[in-house]
1. So which helices (runs of 4 or more DSSP H) stay within the range 291-405 end to end and still have 1 or more residues that are touching a residue at least 12 places away in the same chain (Cβ under 8 Å) and in contact with a Gly (Cβ under 9 Å, 6 or more places away or on another chain)?
2. In this structure, does A413 turn out to be of a type in the set (G, A, S), within 16 Å of ligand 1 (Cβ to nearest atom) and under 20 Å from K500 (Cβ atoms)?
3. Would you mention how many residues in the range 210-236 are under 15 Å from P183 (Cα atoms) and surrounded by fewer than 24 Cβ atoms within 10 Å (Cβ to Cβ)?
4. Residue under question is A426, and the condition is that it be in the same structural domain as V338 (by TED's automatic domain parsing) and within 15 Å of ligand 1 (Cβ to nearest atom); does it hold?
5. Any chance the range 354-362 includes a residue that's farther than 22 Å from R430 by Cα and either crowded, with 19+ Cβ neighbours inside 10 Å or more than 16 Å from ligand 2 (Cβ to nearest atom) (or both)?
6. Identify, from the list T273, T269, the residue that is within 16 Å of ligand 2 (Cβ to nearest atom), surrounded by fewer than 24 Cβ atoms within 10 Å (Cβ to Cβ) and part of a loop (DSSP other than H, G, I, E, B).
7. Looking for whichever is modelled with pLDDT of 95 or more and under 22 Å from G14 (Cβ atoms) here; the options are I117, I103. Which one fits?
8. Can you name every residue in the range 5-30 that is within 16 Å of ligand 1 (Cβ to nearest atom) and hydrophobic (A, V, I, L, M, F, W, C)?
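The values are calculated or read from the model by the stated rules, or taken from the named source; none is laboratory data. The shown structure was predicted, so the numbers you read here are calculated from the model rather than taken from an experiment. Ideal geometry is used to build each Cβ from the backbone, glycine not excepted, and the neighbour counts take in all protein chains shown.
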Amino acid sequence: MFCFQCQETAKNTGCTLGGVCGKKPETANRMDELIRQLKLLALTRKPDRELGLFAVQSLFMTITNANFDEARIAAQLERAKELTGPTAARAPLGVLSCENEDIRSLRELLTCGLKGIAAYADHAAMLGREDDAVYEFVFRALAATAQELSAGELIALVLECGNIAVKTMALLDEANTGTYGKPQVTRVKTGVGKRPGILVSGHDLRDLKELLEQSKEAGIDIYTHSEMLPAHYYPELKKYPHLYGNYGNAWHRQNSEFAAFNGPILMTTNCITPVQESYRNRIFTTGMAGYPGIPHIADRKDGCPKDFSAIIALARTCPPPTPLEDGTIVGGFAHDQVLALADKVVAAVKSGAIKRFVVMAGCDGRQKTREYFTDVASGLPEGTVILTAGCAKYRYNKLPLGDIGDIPRVLDAGQCNDSYSLAVIALKLREAFDLDDVNRLPLSFDIAWYEQKAVAVLLALLALGFRNIRLGPTLPAFLSPGVAKILAETFGLKPTAEAKADTEAMMQGK
Ligand code: FS2
Ligand code: SF4
């Protein structure tokens, strides 16, 4: 196997003997076969809705920590072969077969961006929103990674990938808000109730909605975990009184948190970590998520909801969760809510009460070096507001950072895809201050990345014109020195360094 798609890849070069994430070599190889087959499919056929959705779901399955079930990947591969049909095209080769490291790097940057787009496109599709332009690009870009394109042609596709990422995140934003209402500022409990519970993790809001509906008379509570926290902000989800609170933290602490939860756990997407005995008999997957030997809740058929009765029945036999903490988290600052506060925000900037906004969105991870993000958040001076989205927020969303007037110093817009909301806010602030360039706002970016959705988010921010973004805790291993140099020279992209020095530099607009 060879995999270097995530931030935790071995020695920041590549996993070869097994994944740091727990992915086995056989599963990694099967995923590579699936990606190669998708390239053949893209070289052979034009996407209709069926093919487009198939391709994005296949890409989604190969994202870090989404699906460890080799049998499911193998079944997807077989289907990809059927859909491709007989082909005279040369079989695309593996990642390392390309000898030019810059071309290889650009192909992988593009593939990772596509995987992120694919995850968001699937969530939108689950809510009935699809865009043919997204599928067309996914096919064109997949095909391009299997052709002999120049570095210039690949760079153009990487930039287009950023534009398509913006389009896809906007589509998902529309799907989420159109279905569940506009996020509202909400205080979410972090303690536990007395009833048994089901813990829902991942990003798929429709799964949560159907579970809430099916469990409302069952005498149990539903808790969110990690990236599902923002579900509490949506009117059509928060209206369920048994959506009790958020339990635990970001994905990488699931071993101890799932053990302590005592009840069933539903993984709707990534991030899954290798399943432990302490909760093995009460964890389920659904959608594109999978894990060998773990029950999988089947897809919807003929427009009917998924059947969560087995999880609900199991929950009723379990003890209530063991408390981990007892406080609250405030969130729901997606673009609509922040823009409703726009007058206050603009006045606070003009009076000097707000000196700077720092976007600290993205992913969390288990490495000690990620304490950098907590250090930056706590080291930022009082006149700064942190705009966040994604599971990166757990590094600072429970710190007592206070408010500026009635504006909290950490504004959580939602899941990683809601980074789109942060970009909308920034672009609106540019208008409010009548600036010709968004980079003249008192705004810095300090982005934490882990998996491929963060790559799509990064490309989206670059496409929207944001410059001088810090990315950490390390730059992606798939960026060759040559490609990293192009990104630094063209967009000012730089790696995070030491927390205090970075904080001071950001306060000076550097
Ligand atoms: Fe966090 Fe994991 Fe959101 Fe990423 S729960 S790192 O997949 O997508 O963010
Ligand atoms: Fe390694 Fe990350 Fe790939 Fe897992 S997803 S095998 S940790 S590079």
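1. Ranges flagged: 309-315, 342-351, 371-379.
2. no
3. The total comes to 3.
4. no
5. yes
6. Checking each option against the conditions leaves just T273.
7. I103
8. Across the range 5-30, the qualifying residues are C6, V20, C21.
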